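Undergrad: Have a look at the structure that comes next, please.
The values are calculated or read from the model by the stated rules, or taken from the named source; none is laboratory data. Here the structure is a predicted model, which means the values were calculated and not measured. Methodologically, a virtual Cβ is constructed for each residue, glycine included, from the backbone with ideal geometry; neighbour enumeration extends over all protein chains shown.
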Amino acid sequence: MEIMVIWRKEMFDGMTEQEARKKILNQVAEYCNKYHQQKGKYSRGDKILYASRIYDSCEMTNLVDSALDFWLTSGKYTKEFENKMAEFLDVRYCALVNSGSSANLLAFMALTSPLLKERRIQRGDEVITVAAGFPTTVSPIMQYGAVPVFVDITIPQYNIDVTRLKDALSEKTKAVMVAHTLGNPFDLTQVKMFCEQHELWLIEDNCDALGSRYKWNGEWRYTGTIGDIGTSSFYPPHHMTMGEGGAVYTNDPLLYKCIRSLRDWGRDCECMSGQDNRCRHRFDRQYGELPFGYDHKYVYSHFGYNLKATDMQAAIGCAQLDKICSFVEKRRHNFKILYQNLQDMQEKLILPEACENSEPSWFGFLLTCRENTDRNALVQFLENKGIQTRMLFAGNIIKHPCFDNIRNNNIYYKVSGSLKNTNRIMKDSFWIGVYPGMTKDMIDYMVESIKTALA
């Protein structure tokens with residue numbers, strides 16, 4: 001113990017706090033470079049993940065720097081991340097949250113705010129969406145008591161079939177909430193036009209598509225920024241990560257006010273953690289039936305949540321954002337190689353197709369087996385070769401046990417038309433990865449394994 005105390009004294013002896021911090025962070029960078037960045041070369045038979053986090057010493061030093069501050073909750077790194085993310089996307093507002101699912105929850109619940117008056121979504125109102133995708137695109141709608149109206153998707157783009165929108169419309173329709181499937185933008189021209197024509201809200205679930213672009217009115221825009229609200233996820237497999245985390249973004253100041261309030265317990269105050277009296281009216285306003293001058297920090301305008309992320313997560317995200325463009329380019333590169341090398345397999349597989357007027361930031365390479373190809377056999381063959389595969393998430397969410405008690409009851413949800421393609425992808429589709437850590441040897445082995453399985 002005495003030796004350890006002496007060592008500690010010598011380690012920082014004569015240093016300022018900033019000098020000591022710099023020394024620690026330099027050592028963290030050395031540690032990361034030695035123990036986290038010295039990965040062995042891929043050998044056949046090694047497991048090929050469908051996705052993985054990609055990072056270097058910048059993320060680790062940011063993380064430790066935030067830990068040394070020991071602020072823990074949202075702070076300087078949160079503010080930096082929100083500003084950088086908004087700048088990257090070219091939007092006015094961005095709110096960091098603790099997951100992509102929370103981002104979807106906040107995006108939807110913002111549209112239920114009384115501040116939106118006659119345009120607010122109320123229980124029993126309808127929201128057009130798809131059954132083929134991740135459950136938390138749909139869950140907020142059902143949890144609130146609104147009614148999801150499911151329409152079919154197209155193959156091989158795997159996005160909402162815009163020709164079905166008109167039939168799904170009713171006098172109760174208030175919004176469209178759909179995802180850009182595996183990074184492939186849906187037809188934003190048609191969906192946005194439909195929403196504007198019928199005065200509907202549009203939520204873009206952008207959790208699998210960060211960095212995807214769409215040509216909107218002759219200008220390239222990032223997906224998630226064309227609708228009223230966009231969402232992102234920063235779970236490790238996604239385009240960038242902070243462990244757990246997500247973001248909600250918009251150009252609408254009123255929607256942003258609703259999003260921030262709902263994220264932060266429903267409070268009316270907009271002060272950051274640790275900040276007081278930003279509005280200069282902390283004690284001189286009337287709210288509801290409270291006493292005049294009641295502390296604005298404890299005034300609640302919504303029934304909200306606590307969905308904030310920590311500053312340590314934000315610190316990692318700041319470093320990841322610096323790499324996002326290179327991540328996107330590598331994903332596109334890997335997708336292109338897979339596509340080129342599987343061209344000769346189109347008698348047995350349907351290859352994915354990008355939406356017109358788009359530049360996808362691909363999350364995965366989605367394949368649909370033709371009638372003469374057994375998906376389960378192919379998937380099991382690949383898995384036995386160490387190649388991870390994934391279904392298109394829920395496939396058809398209506399078929400899952402969570403619907404057992406409400407299936408065929410149009411009080412809770414509706415289906416507009418046939419879900420033929422949705423059921424097809426549930427039965428015949430799967431995907432493999434294109435994440436930036438994949439090497440040419442890995443991709444070549446995936447292609448070779450697919451061809452061997454289908455020979």
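Undergrad: Count, please, the residues in region 81-134 that happen to be farther than 30 Å from Gly288 by Cα and of a type in the set (Lys, Arg).
TA: Adding up the residues that qualify gives 1.
Undergrad: Quick one: in region 135-171, of everything that is part of a loop (DSSP other than H, G, I, E, B) and touching a Lys or Arg at 6+ places or on another chain (Cβ under 7 Å), which residue is nearest to Glu353 (Cα to Cα)? If you could, list the steps in order and put the result at the bottom.
TA: The first filter runs over region 135-171 and keeps only residues part of a loop (DSSP other than H, G, I, E, B), leaving 138, 145-146, 152, 154-159, 161, 169-171.
Retained after the next criterion (residues that are touching a Lys or Arg at 6+ places or on another chain (Cβ under 7 Å)): 145-146, 152, 155.
On the way: Gly145: 35, Ala146: 33, Asp152: 17, Ile155: 8 Å.
It comes out as Ile155.
Undergrad: Being β-branched (Val, Ile, Thr) and assigned to a loop (DSSP other than H, G, I, E, B): is that true of Ile203 here? Give the derivation first.
TA: Values: β-branched (Val, Ile, Thr): yes; assigned to a loop (DSSP other than H, G, I, E, B): no.
Considered against the rule, which asks whether it is β-branched (Val, Ile, Thr) and assigned to a loop (DSSP other than H, G, I, E, B), Ile203 comes out as no.
Undergrad: Continuing with this model, one more query. Can you tell me which of Cys94, Cys32, Cys58 is under 22 Å from Pro253 (Cα atoms) and either without any contact (Cβ under 8 Å) to a residue 24 or more places away in the chain or not in a loop (DSSP other than H, G, I, E, B) (or both)?
TA: Cys94
Undergrad: Now a separate question. Any residue in region 387-399 that is at pLDDT 95 or above and over 24 Å from Phe134 (Cα atoms)?
TA: No: zero hits.
Undergrad: Out of contact with any Pro (no Cβ under 7 Å at 6 or more places or on another chain) and in a loop (DSSP other than H, G, I, E, B): is that true of Cys269 in this structure?
TA: yes
Undergrad: Can you tell which of Ala103, Ala132, Ala86 is part of a helix (DSSP H, G or I), assigned by TED's automatic domain parsing to the domain that holds Ser170 and under 21 Å from Asn159 (Cβ atoms)?
TA: Only one candidate qualifies: Ala103.
Undergrad: With respect to Leu49, is the statement that it is of a type outside the set (Lys, Arg), modelled with pLDDT of 95 or more and surrounded by fewer than 18 Cβ atoms within 10 Å (Cβ to Cβ) true?
TA: yes
Undergrad: Determine which member of the set Phe381, Phe393, Phe365, Phe403 is of a type in the set (A, V, I, L, M, F, W, C), touching a helix residue (DSSP H, G or I) at 6+ places or on another chain (Cβ under 9 Å), buried (at least 21 other Cβ atoms within 10 Å of the Cβ) and more than 23 Å from Thr163 (Cα to Cα).
TA: Phe365
Undergrad: Would you say Arg44 is outside the structural domain of Thr310 (by TED's automatic domain parsing), under 30 Å from Ser139 (Cα atoms) and not acidic (Asp, Glu)?
TA: It is false that Arg44 is outside the structural domain of Thr310 (by TED's automatic domain parsing), under 30 Å from Ser139 (Cα atoms) and not acidic (Asp, Glu).
Undergrad: Still on this structure, please answer the following. Six or more apart or on different chains, Cβ under 6 Å: which pairs go from a residue in region 331-349 that's in contact (Cβ under 8 Å) with a residue 60 or more places away in the chain and over 19 Å from Ser212 (Cβ atoms) to one that's of a type in the set (D, E, K, R) and surrounded by 12 or more Cβ atoms within 10 Å (Cβ to Cβ)? Could you list them?
TA: Within 6 Å, the pairs are Lys348/Arg370.
Undergrad: On to the next question. Regarding region 230-246, can at least one residue be identified that is assigned by TED's automatic domain parsing to the domain that holds Met177, modelled with pLDDT of 95 or more, on the phi > 0 side of the Ramachandran plot and in a loop (DSSP other than H, G, I, E, B)?
TA: yes
Undergrad: Of all residues being in contact with a Phe, Trp or Tyr (Cβ under 7 Å, 6 or more places away or on another chain) and surrounded by fewer than 23 Cβ atoms within 10 Å (Cβ to Cβ) in region 113-140, which is farthest from Asp187 (Cα to Cα)? Just the residue, please.
TA: It comes out as Arg123.
Undergrad: Identify all residues within region 406-426 that are surrounded by 13 or more Cβ atoms within 10 Å (Cβ to Cβ), part of a helix (DSSP H, G or I) and of a type in the set (D, E, K, R); write none if there are none.
TA: Selection gives Arg424 alone.
Undergrad: Can you name the residue in region 206-229 that is in contact (Cβ under 8 Å) with a residue 12 or more places away in the chain and assigned to a strand (DSSP E or B) and is also nearest to Val248 (Cα to Cα) among such residues?
TA: Looking at the filtered set, the residue picked out is Ile229.
Undergrad: Is one or more of the residues making up region 436-445 farther than 22 Å from Arg332 by Cα, out of contact with any helix residue (DSSP H, G or I) (no Cβ under 8 Å at 6 or more places or on another chain) and either buried (at least 18 other Cβ atoms within 10 Å of the Cβ) or outside the structural domain of Pro140 (by TED's automatic domain parsing) (or both)?
TA: no
Undergrad: Would it be correct to say that Gly317 is surrounded by fewer than 22 Cβ atoms within 10 Å (Cβ to Cβ), over 25 Å from Gln388 (Cα atoms) and touching a residue at least 12 places away in the same chain (Cβ under 8 Å)?
TA: It is false that Gly317 is surrounded by fewer than 22 Cβ atoms within 10 Å (Cβ to Cβ), over 25 Å from Gln388 (Cα atoms) and touching a residue at least 12 places away in the same chain (Cβ under 8 Å).
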